[in-house]
Amino acid sequence: MVRNWLIGLVCLLAIIGLGSSLIQQPGALLKQVFIAAILICACYFIYRIWSSKRPNAKDKREFLKAARRSKKRLKNRHATTSTHSQALKKPIRKKSQANLTVIEGKKGKKKNRAIY
């Protein structure tokens with residue numbers, strides 16, 4: 001409860017400060033906003049460059065070599081399992097060609113449930 005009051009008080013003081021700065025020195029406020037935007041953009045670009053470091057050539061070569069080995073292993077495994085899987089598969093049943101129709105029965109007549 002006290003935290004909500006403190007946050008509200010800080011926001012109110014910030015709005016009052018921005019309003020008075022805008023009335024008294026609008027150029028200075030625009031300059032501060034511009035500098036803050038430049039700093040935020042600079043930090044963002046530095047973070048992007050730092051976080052997206054590319055692996056060096058040696059690591060890349062090793063990765064490609066491992067990928068080729070994996071493909072070969074998967075290809076060989078797939079070739080051997082495909083012959084076994086064809087032998088183990090059951091033949092697919094074809095659909096029946098019979099044309100079946102529903103015959104309406106006596107729906108109104110009640111069943112005699114006493115006799116089984």
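The values are calculated or read from the model by the stated rules, or taken from the named source; none is laboratory data. Keep in mind the model is a prediction, meaning the values are calculated, not measured. Surface areas here come from the heavy atoms of the whole protein model, side chains and all, with no ligands, DNA or RNA. Shrake-Rupley method; radii C 1.70, N 1.55, O 1.52, S 1.80 Å.
Taking θ as phi - 60°, what are the ³J(HN,Hα) couplings along segment 17-30 by the Karplus curve (6.51, -1.76, 1.60), each to the nearest whole Hz, with x for Gly and Pro?
Rounded to whole hertz, the list is x, 5, x, 5, 5, 5, 6, 7, 9, x, x, 5, 5, 4.
Within segment 12-68, what whole-number % of the accessible surface is contributed by carbon and sulfur, with the 1.4 Å probe and all protein chains included in the calculation? Don't skip to the answer; put the middle values down first.
Values: 3920 of 5470 Å².
Heavy-atom surface of segment 12-68 belonging to carbon and sulfur, 1.4 Å probe: 72 percent.
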